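Taken together, the values in this text are just the output of simple stated rules run on the coordinates, not laboratory data. Treat the numbers as computed from the prediction; the structure is a model and nothing was measured. Backbone-built Cβ (ideal geometry, glycine too); neighbour counts: all protein chains shown.
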Amino acid sequence: MAGDMANSILRKLVSQCVAGASVRDLCEAGDTMILEETGKVFKKDKEMKKGIAFPTCISTNNCICHFSPLRSDPDYTLKDGDMVKIDLGAHIDGFIAGVAHTLVVGASVDKPVTGRKADVIQAAHLAAEAALRMVKPGNENYDITDVIQKIAESYECQPIEGMLSHQLKQNVIDGDKSVIQNPNENQRKEHDKCEFEVHEVYAVDILVSSGEGKGREQETRTTVFKRQMERVYQLKMKASRAFFSDVANRFATMPFTLRLMDDEKKARMGVVECVNHELLTPFPVLYEREGEFVAQFKFTVLLMPNGNIRLTEGPFDPDMIKSEHEVTDEKIKAVLSTSANRKAQKKKKKKASKQAEGQVQEATTQP
């Protein structure tokens, strides 16, 4: 249910990403739609938490992630040719569905994306498609890490260093198990290996850059935060205590944006002490080098015994992307050629079963 809502809202935002559109207005529209749609279900259950699992962020061109400006922040107006990444999440009763999608403003089948923009979009898209087929029971997280790296390099791109795709649990957006992409030496040592298991849920988040793949902060204000549930501290400032109490009541364990607070000025004051004492984790706005492009695709997937169920995805049209590069690794090409559709997998299994039955019957009827 949350997945369907996230998909629908994403598509509406995609259609609104046109030249002249305000990024701040689009972020506000996305959050409003999430609250409205989740508010329509389970109305009788007053105790059930539902709403935003990740606030709408719209990051353009070399901005990697988490751009969701406040009303007091500088806005950004979309223009033709901008590469736009939309990232959002919804939840019902703590069950989370996250999704992200990349588009180029003004692109169409008649006016396809080319050059480095096409390279980075195609690399990120195919990395996501390969991950969908490989995040399955019995496989390990570093299998995915290595495939993402190889696909990105096929397009002369780099995955963003250290970005994580987390296991999702009820009320937990960053579970213990995760897939890391493009880890540096220290990250590879510290990041635990793990094996995927049946009935687990993951938010697979692929970010690929046309540049060196290293994120860095600039002067853009951080507006997205999440509670650190294990931390306890008695806040000193009255504004901080009021702010933190509001956060706990409204957003519980989920990431939120300061834009949703009733008094933005007080929120900006209160958040400082909360972050300084690690009651809140910031999601900083990160950038690649100027002139580079970053593409993102995220989907939520449920691991089942007879095939994965992709709960969220964006409206990707391969005819709009024209890259001069391609995947050449035969093993990866074989992975990408397999169907990610559970129905197709079931049909293949039934066909194989019938063939086996036929062979048994032939063997038993032969003299």
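Scattering from the stretch 1-103 was approximated by placing one identical point on each alpha carbon and applying the Debye formula without solvent; log10 I(q)/I(0) at 0.14, 0.24 1/Å stands at -0.51, -1.23. Its DSSP H runs of at least 4 residues, each contributing -39,500 (n - 2.57), put the calculated 222 nm mean residue ellipticity of the chain at -11500 deg cm²/dmol, to the nearest 500. For the stretch 75-155, the percent of C-alpha pairs falling in each 5 Å distance bin, counted from 0 to the bin holding the largest distance, reads 3, 12, 17, 17, 19, 15, 10, 6, 1, 0. When you restrict to C-alpha pairs under 8 Å that are six or more residues apart and normalise by the size of the stretch 72-156, the relative contact order lands at 22 percent. In this label model, Thr114 and Arg250 are separated by 4.8 nm, measuring between points 7 Å along each Cα→Cβ vector. Taken one residue at a time, the phi angles of the stretch 221-227 give Karplus couplings (6.51, -1.76, 1.60, θ = phi - 60°) of 5, 6, 10, 10, 9, 8, 5 Hz. Gly and Pro are set to x.
The residue among Asn61, Val285, Leu303 whose Cα reaches farthest toward the positive pole of the charge dipole of the chain, with charges on the beta-carbon of Lys, Arg, Asp and Glu, is Leu303.
For the stretch 186-268, the set of chymotrypsin sites (Phe, Trp or Tyr not before Pro) satisfying both a DSSP loop assignment and a count of at most 14 other C-beta atoms within 10 Å is given as Tyr233.
Relative contact order of the chain, taken over Cα pairs closer than 8 Å and 6 or more residues apart, is 22 percent. Seen from all directions on average, the chain presents a Cα convex hull projection of 22.6 nm². Calculated FRET efficiency, Lys79 to Glu230, Cβ-Cβ distance, R0 = 45 Å: about 0.55 to the nearest 0.05. For trypsin sites (Lys or Arg not before Pro), the sites in the stretch 50-83 that DSSP calls loop and that have at most 14 other Cβ atoms within 10 Å are Arg71, Lys79.
Residues in the stretch 71-81 carry Karplus couplings, in order, of 5, 8, 8, x, 8, 10, 9, 5, 9, 3, x Hz; the curve used is 6.51 cos²θ - 1.76 cosθ + 1.60 with θ = phi - 60°, and Gly or Pro positions show x. Working ranking of peptides 51-63, 20-32 by packing, defined as the average number of other Cβ atoms within 10 Å per residue, highest first, is 51-63, 20-32. The slack between Glu212 and Asp176, meaning 0.36 nm per residue of separation minus the straight C-alpha distance, is 10.2 nm.
For Ala53, the residues whose amide H sits under 5 Å from its own are Gly89, Ala90, His91, ignoring neighbours fewer than 5 places away on the same chain, with H placed 1.01 Å from N.
Pick from Glu219, Glu292, Glu326: which residue has the top mean-square fluctuation in a GNM of the chain where Cα pairs under 10 Å get a spring? In this elastic network of the chain, the residue with the biggest mean-square fluctuation among Glu219, Glu292, Glu326 is Glu219. Rounded to the nearest 20 debye, the dipole magnitude of the stretch 137-270 is 1120 debye, with +1 charges on Lys and Arg beta carbons, -1 on Asp and Glu beta carbons, and the Cα centre as origin. Of the chymotrypsin sites (Phe, Trp or Tyr not before Pro) found in the stretch 40-125, those in coil by DSSP whose Cβ has at most 14 other Cβ atoms within 10 Å are Phe42. For the stretch 108-175, the relative contact order works out to 28 percent when only alpha carbon pairs closer than 8 Å and six or more residues apart are counted.
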